[in-house]
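The values are calculated or read from the model by the stated rules, or taken from the named source; none is laboratory data. As the structure is a computational prediction, the values presented were derived from the model and not from experiment. Cβ: placed from backbone, ideal geometry, glycine included. Neighbour counts: every protein chain shown.
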Amino acid sequence: MYDVAIIGSGPAGLTAAIYTSRSELKTVVFEGMSPGGQLMITTEVENFPAFPEGIQGPELMKRMKEQAAKFKAEIKSGYITEVGFSKSPFTISTGSDEVTAKTVIIATGSTARWLGIDSESKLRGKGVSACATCDGFFFKDKEIAVIGGGDSAIEEASFLTRFASKVTIIHRRDELRASETMQKKAFDNEKIEFAWNSVIEEILDVSKDKVTGIILKNVKTGETKTLPVEGVFLAIGYDPATDIFKGKIELDEKNYIVTKENTQTSVPGVFAAGDVRDHLYRQGITAAGDGCMAAIDAYRWLGGIK
Ligand code: NAP
């Protein structure tokens, strides 16, 4: 029997593990399908405090894991497929491995949606990104494209104009989904242009191992054209990893976990931290902060029932 079972091993899950294990709570972490989470596919991280020289995403996650292990958090590989949340102690299971725990912290994160074309996956991290805050800095005085028509696309495009000489928003319709205020922000920005009714056919140039442009197709006319850009930022939405919690805890209309008091979910004793409950900030440091909060919430809850 564990005091705390943590599902997920990104910054939220591992920070929660550092706090709970250091508070002498018997802690297990299930690493999940992508151990280390989204930072494992990030190269240079320049905005995580305490690393003035920057740090590679995988190295940052390796250190967080070492720190959690140092305080005796048990870190297991394995992807949770089944949870029993009717009452504490809860059960969580990988199919072959089942544990019981008095509290659970869900830190399964979310994944950025991608277009799913071959050139996109080949050039990911080489000019193709889904995080302007992480990678915008690398595109000083360059022309870039942002894909999407929602609030994220406008926010990312506006942020990117701090660095880029020009940002073209590529949207598949002729009307934005983003709020009026955000739309105005984009229309008023001299560095932002739009390619309406357009979808990406291909990102160039896989043979050069870097982004040199995109082939756009106008969905109304069928015409194609090449837009020279050096960066492509996807902003077509995120999907929280909450499939296994459907029907077990309250989710919102976009499947993010609903938390009411601090990190408490609709099931007392089950907490949620990081991108699985946050669709606004999505940063390593905010996820880590959230993990810390969930650990303290779990500690206090256990104090109440012990
Ligand atoms: P979203 O609102 O779901 O918008 C996704 C956009 O991507 C839509 O314009 C959609 O086109 C487009 N899209 C989806 N799949 C595509 C594909 N395969 N190919 C091309 N385009 C595709 O997602 P979001 O912008 O990430 O926003 C998520 C939530 O966070 C929203 O509730 C938003 O209001 C909120 N948010 C708020 C702020 C803020 O207030 N500062 C900032 C960011 C996000 P269609 O329009 O044609 O469907």
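Checking K70 against (1) surrounded by 13 or more Cβ atoms within 10 Å (Cβ to Cβ); (2) modelled with pLDDT of 95 or more, which test does it fail?
(1)
If I go through region 265-299 residue by residue, how many of them are over 26 Å from P49 (Cβ atoms) and of a type outside the set (S, T, Y)?
Result for region 265-299: 4.
Applying the selection to region 23-67, what residues are of a type in the set (A, V, I, L, M) and at pLDDT 95 or above?
Across region 23-67, the qualifying residues are L25, V28, V29, A50, L60, M61, M64.
Tell me, which residue of region 1-37 that is among the polar types (S, T, N, Q) and over 14 Å from the mean Cα position of the chain (by Cα) is farthest from I80 (Cα to Cα)?
S23
Going through region 260-286 one residue at a time, which ones are within 16 Å of the ligand (Cβ to nearest atom) and either surrounded by 21 or more Cβ atoms within 10 Å (Cβ to Cβ) or of a type outside the set (A, V, I, L, M) (or both)?
G274, D275, V276, R277, D278, H279, Y281, R282, Q283, T286
Say we look at region 160-197 and pick out the residues that are surrounded by fewer than 16 Cβ atoms within 10 Å (Cβ to Cβ) and assigned to a helix (DSSP H, G or I); which of these is nearest to the ligand (Cβ to nearest atom)?
Per the criteria, the residue is T181.
Residue-wise test of (1) away from the ligand (no atom under 16 Å from the Cβ); (2) in a strand (DSSP E or B); (3) acidic (D, E).
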site: V83; (1), (2), (3): yes, yes, no
site: S86; (1), (2), (3): yes, no, no
site: I92; (1), (2), (3): yes, yes, no
site: K102; (1), (2), (3): yes, yes, no
site: L115; (1), (2), (3): no, no, no
site: D135; (1), (2), (3): yes, no, yes
site: F138; (1), (2), (3): yes, no, no
site: A145; (1), (2), (3): no, yes, no
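Does any residue in region 216-244 that is farther than 27 Å from R277 by Cα come within less than 7 Å, Cβ to Cβ, of a residue that is among the basic types (K, R) six or more places away or on a different chain, and which pairs are these?
L216/K225; V219/R172; T224/K217; E230/K142; G231/K142
State which residue is farthest from the chain's Cα centre (by Cα) when the search covers only region 260-290 and only residues that are at pLDDT 95 or above and farther than 21 Å from K248 by Cβ.
For region 260-290, the residue satisfying everything is G289.
Only one of I215, I244, I236, I200 is more than 16 Å from the ligand (Cβ to nearest atom) and of a type in the set (V, I, T). Can you tell me which?
Every option except I244 fails the conditions.
How many residues are assigned to a helix (DSSP H, G or I) and under 22 Å from C131 (Cα atoms) when one looks only at region 9-45?
Here the count works out to 10.
What are the residues in region 280-294 that are small (G, A, S) and within 15 Å of M64 (Cα to Cα), if any?
G284, A287, A288, G289, G291
Which of the residues spanning region 58-92 are without any contact (Cβ under 8 Å) to a residue 40 or more places away in the chain and of a type outside the set (K, R)?
Listed by number, the residues that qualify are P58, E59, E66, A69, G84, S86, T91.
Taking W196 as the residue in question, decide whether it is of a type outside the set (S, T, N, Q) and under 22 Å from G150 (Cβ atoms).
Criteria met by W196.
Among the residues of region 12-34, are any within 30 Å of K254 (Cα to Cα), basic (K, R) and surrounded by 15 or more Cβ atoms within 10 Å (Cβ to Cβ)?
no
K220 is checked against (1) more than 16 Å from the ligand (Cβ to nearest atom); (2) in a loop (DSSP other than H, G, I, E, B) and fails just one. What number does that condition carry?
Answer for K220: the failing condition is (1).
Any residue at all in region 203-223 that is farther than 30 Å from T265 by Cβ, surrounded by fewer than 17 Cβ atoms within 10 Å (Cβ to Cβ), among the β-branched types (V, I, T) and modelled with pLDDT under 95?
No, that holds for no residue.
Considering only residues of region 89-122 that are of a type in the set (G, A, S) and at pLDDT 95 or above, which is nearest to A295 (Cα to Cα)?
Going through the qualifying residues, I end up with A107.
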